[in-house]
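Readers should treat all values here as calculations from the given coordinates under stated rules, not as data from a laboratory. On a predicted model such as this, the values are computed, not experimentally measured, just so you know. Cβ placement follows ideal geometry from the backbone for every residue including glycine, while neighbour counts extend to all protein chains displayed.
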Amino acid sequence: MLVNEDLTSAIIGAAIEVHRALGPGLLESAYQACFCHELTLRGMNFTAQLGLPLEYKGVKLDCGYRTDVIVEGKVVVEIKAVEAVAPVHQAQLLTYLRLTGCRVGLLLNFFVPVMKDGVFRRVL
């Protein structure tokens, strides 16, 4: 069984709904706002733009890291609107998983003709 399978399926369903309504070609900020609204309509708890401090050898650094969305305190969602998902985008998601302590993350790229082709699931 996949970690948080029901929750990630529900999150992907929300992303598909947003993509069906808007299609590709908008800015990430527009997708994030609509995605958060869709989560609200579905009764899902989330935090958006959560600041993540970095600790290095006992010193807390404010490096400006911010997660796009964390759903139910369990799944980090990174929203993109890029032509192609690059390794750096996947690395960013893994970094956010380490910094938040969440085990599961979704990278959602809305710049695709069919949303299922823009969904990348990662487990730490």
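Observations on the model:
- The range 52-76, residues that are surrounded by fewer than 17 Cβ atoms within 10 Å (Cβ to Cβ), part of a strand (DSSP E or B) and under 14 Å from the mean Cα position of the chain (by Cα): Y65, R66
- When restricted to residues that are out of contact with any Leu (no Cβ under 8 Å at 6 or more places or on another chain) and either farther than 17 Å from K116 by Cβ or surrounded by 15 or more Cβ atoms within 10 Å (Cβ to Cβ) (or both), the range 77-95 contains 7.
- Subset of the range 77-107 [among the aliphatic types (A, V, I, L, M) and either assigned to a helix (DSSP H, G or I) or touching a Lys or Arg at 6+ places or on another chain (Cβ under 7 Å) (or both)]: V88, A91, L93, L94, L97, L99, V104, L106, L107
- The C-beta contact set for the range 25-51 (first residue in contact (Cβ under 8 Å) with a residue 12 or more places away in the chain and on the phi > 0 side of the Ramachandran plot, second residue outside any helix (DSSP H, G or I) and basic (K, R), distance under 6 angstrom, 6+ apart or interchain) comprises Q49/R66.
- The one condition in (1) farther than 21 Å from C36 by Cβ; (2) touching a residue at least 24 places away in the same chain (Cβ under 8 Å); (3) charged (D, E, K, R) that E55 fails to fulfil: (2)
- Taking the range 14-24 as the range and being free of Cβ contacts under 8 Å to residues at least 24 places away in the same chain, assigned to a helix (DSSP H, G or I) and of a type in the set (G, A, S) as the test, only A21 passes.
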